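The values are calculated or read from the model by the stated rules, or taken from the named source; none is laboratory data. Owing to the predicted nature of the structure, the values given are computational and were not obtained by experimental measurement. Here Cβ is always computed from backbone atoms with ideal geometry, including for glycine, and neighbour counts include all displayed protein chains.
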Amino acid sequence: MKKLINGVDQIVSEMVEGLVAAHPDKLRSIENTNVIVRADAPVQGKVALISGGGSGHEPAHAGYVGEGLLDAAVSGEVFTSPTPDQVLEAIKAVDSGSGVLLIVKNYSGDVMNFDMAADLAEAEDITVKQVVIRDDVAISNPEDRRGVAGTTLVHMIAGAAAAEGKSLDEVEAIAQSVADNLRSMGVSLSPCTVPASGKPGFTLDENEMEIGTGIHGEQGVERRELMQADAVTEELVQHVLDDMHLNDGSEVALMINGQGATPLMELYIVARKAIQLLKDRGIHVKKTFVGEYMTSLEMTGCSVTILNLDKERKRLLLSGRE
Amino acid sequence: MELSTAVMKQWALRINAKMQEHKDRLSELDQAIGDGDHGHNMARGFQEVANKLEDTSYDDIGAMYKDVASTLISKVGGASGPLYGTAFLKAANAWKGRDALDSAAFTEGIEAAVGGIETRGKASLGDKTMLDVWIPVRDEMKEDGADAEKAASTAEKEAEATIDKVAKKGRASYLGERSKGHMDPGAFSSQLVFEALAEVYKEGAS
């Protein structure tokens with residue numbers, strides 16, 4: 001394992017320290033936690049948004065804390081969801097009395113810890129709602145699907161809605177509608193190494209790739225012979241579209257997300273083909289995101305996310321922050 | 001079977017020793033079908049439990065295990081924190097106000113723990129999770145009374161049996177058929193919990 005770290009146990013706290021030190025005008029942290037909040041939180045009259053999960057997905061989620069986006073991010077250990085008391089600290093720090101929405105990726109650890117935190121917050125008379133993101137179509141049963149890169153689109157759209165002063169119920173409904181219209185699928189060409197274990201999560205030969213990889217270096221659903229970018233993109237886009245109800249004339253947002261160690265050059269090659277494929281089907285791409293939004297340490301590969309846009313989601317996405 | 005406050009304290013400390021000893025094995029098992037940090041997380045959490053217990057004296061087993069539970073919930077994270085935390089929290093409720101546990105009282109705690117794990121994790125027997133160990137141990141205790149040594153051997157056998165199962169919950173479930181051939185890490189850490197019980201009971205009883 002070759003990593004620019006000081007020690008396995010300090011990784012997360014030192015990252016949090018660095019983030020706050022680098023952006024002191026925008027961010028602060030809560031002492032004795034790995035919680036990052038907007039410097040001006042709680043914002044009066046605004047629904048607060050919190051997301052989080054294991055660390056190692058940067059910029060998600062701490063990189064989305066700011067005006068028009070999240071009010072707080074809770075970072076757990078690398079690839080390990082944060083504990084309920086940490087989430088509770090975040091909730092208490094950002095609630096202005098307008099309520100708090102938790103944006104949770106559908107991983108059992110995340111769901112359980114955020115759930116317990118919501119119970120604890122309710123006991124302190126804070127109104128908390130949750131939206132669970134399940135955008136990964138690699139898993140066939142929709143209930144079991146993981147929350148992956150598309151989660152960041154929920155941050156953006158729900159963030160814009162909250163910034164407009166919408167109520168908790170309204171923000172929750174919008175976040176849920178994004179979640180319901182969001183699909184992703186990933187491919188990995190090489191694994192990542194979780195610092196605590198010191199060894200790669202899986203091994204792949206030179207001519208192999210994993211289709212349907214999660215964002216924790218967990219193996220994909222299928223190991224395949226490496227294909228060229230266009231063929232891989234076609235497969236990912238097809239998988240995603242098969243699970244959506246898009247028509248000729250549908251409007252979408254497209255995200256090509258790098259997993260941490262893939263050059264932008266390659267992501268744009270994928271973007272090129274994805275846009276072409278959607279255009280061929282008469283689908284209008286209103287907004288494209290190419291870059292790293294939800295990474296998996298130094299895994300190589302990418303994911304394709306498509307979000308079906310209605311009028312409101314389009315308005316909020318185009319007016320909001322990224 | 002009679003378990004004193006002292007033995008119950010030793011149980012938690014011995015679980016910690018086992019987690020430290022088998023940390024790498026637990027992470028290796030997790031790496032095969034999860035993300036490879038189960039050993040690290042359990043070792044970190046139970047070390048905190050040990051620190052807490054060594055610094056505090058208890059007359060009430062319920063109060064002691066409430067501390068075990070809240071330490072695990074606040075230090076472990078992942079799925080293991082809420083699952084083990086909830087298990088010991090429910091057991092602690094059942095053991096509240098007691099300074100010794102007979103077979104029936106201990107079994108009551110284990111029964112409550114299993115209920116907690118089921119509710120929190122929404123898994124069932126056969127899903128290749130820690131419940132594949134806890135449920136048979138509970139059933140045996142309800143049937144024949146609590147026996148630490150029997151619990152340990154059942155736990156070992158049932159953990160072993162998860163190797164051939166297909167995971168239906170947690171990260172391993174994403175692998176489908178590919179999760180076969182590997183022991184569930186949560187089942188193995190649960191095996192260690194009952195092994196620790198058998199050891200401290202034997203030492204305490206002799």
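State whether one or more residues within segment A:103-125 are touching a residue at least 40 places away in the same chain (Cβ under 8 Å) and farther than 17 Å from residue A:53 by Cβ. No, every residue in segment A:103-125 fails to be touching a residue at least 40 places away in the same chain (Cβ under 8 Å) and farther than 17 Å from residue A:53 by Cβ.
Considering B:58, B:84, B:65, the condition of being more than 8 Å from chain A (Cβ to nearest Cβ), outside any helix (DSSP H, G or I) and of a type in the set (Phe, Trp, Tyr) is satisfied by B:58 alone. Quick check on this structure: which one of A:108, A:96 is within 10 Å of chain B (Cβ to nearest Cβ) and among the polar types (S, T, N, Q)? Only one candidate passes the filter, namely A:108. Within segment A:97-116, the set of residues being assigned to a helix (DSSP H, G or I) and over 20 Å from the mean Cα position of the chain (by Cα) comprises A:116 only.
Looking only at segment A:119-134, residues that are within 14 Å of another protein chain (Cβ to nearest Cβ) and modelled with pLDDT of 95 or more come to 2 in all. Considering A:56, A:63, the condition of being of a type in the set (Gly, Ala, Ser) and at positive phi is satisfied by A:56 alone.
Restricting to segment B:43-55, what's the tally of residues that are crowded, with 18+ Cβ neighbours inside 10 Å and away from chain A (no Cβ under 11 Å)? Qualifying residue count for the region: 4.
Yes or no: segment A:199-206 includes at least one residue that is under 20 Å from the mean Cα position of the chain (by Cα), among the acidic types (Asp, Glu) and not in a strand (DSSP E or B). No; the residues of segment A:199-206 include none that is under 20 Å from the mean Cα position of the chain (by Cα), among the acidic types (Asp, Glu) and not in a strand (DSSP E or B).
Determine if segment A:7-20 includes at least one residue that is among the polar types (S, T, N, Q) and buried (at least 21 other Cβ atoms within 10 Å of the Cβ). Looking through segment A:7-20, none of the residues is among the polar types (S, T, N, Q) and buried (at least 21 other Cβ atoms within 10 Å of the Cβ).
For every residue, the table says whether it meets (1) in contact (Cβ under 8 Å) with a residue 60 or more places away in the chain; (2) in contact with a helix residue (DSSP H, G or I) (Cβ under 7 Å, 6 or more places away or on another chain).
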position: B:138; (1), (2): no, yes
position: B:143; (1), (2): no, no
position: B:148; (1), (2): yes, yes
position: B:156; (1), (2): no, yes
position: B:163; (1), (2): no, no
position: B:168; (1), (2): no, no
position: B:174; (1), (2): no, no
position: B:177; (1), (2): no, no
position: B:185; (1), (2): yes, yes
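Considering segment B:166-188, the residues that are touching a Gly at 6+ places or on another chain (Cβ under 8 Å), more than 10 Å from chain A (Cβ to nearest Cβ) and part of a helix (DSSP H, G or I) include one that is surrounded by the fewest Cβ atoms within 10 Å (Cβ to Cβ), namely B:185. Before we move on, is residue A:41 touching a helix residue (DSSP H, G or I) at 6+ places or on another chain (Cβ under 6 Å) and in a loop (DSSP other than H, G, I, E, B)? Criteria met by residue A:41. Scanning segment B:136-155 for residues that are surrounded by 15 or more Cβ atoms within 10 Å (Cβ to Cβ) and not in a helix (DSSP H, G or I) yields a count of 2. Assessment of segment B:90-101 against the conditions (within 14 Å of chain A (Cβ to nearest Cβ), modelled with pLDDT of 95 or more and part of a helix (DSSP H, G or I)) yields at least one matching residue.
Screening the candidates A:220, A:198, A:186 for the property of being surrounded by fewer than 24 Cβ atoms within 10 Å (Cβ to Cβ) and closer than 17 Å to residue A:137 by Cα yields one hit, A:220. Count of segment B:116-130 residues, restricted to those that are outside any loop (DSSP other than H, G, I, E, B) and touching a helix residue (DSSP H, G or I) at 6+ places or on another chain (Cβ under 6 Å), is 4.
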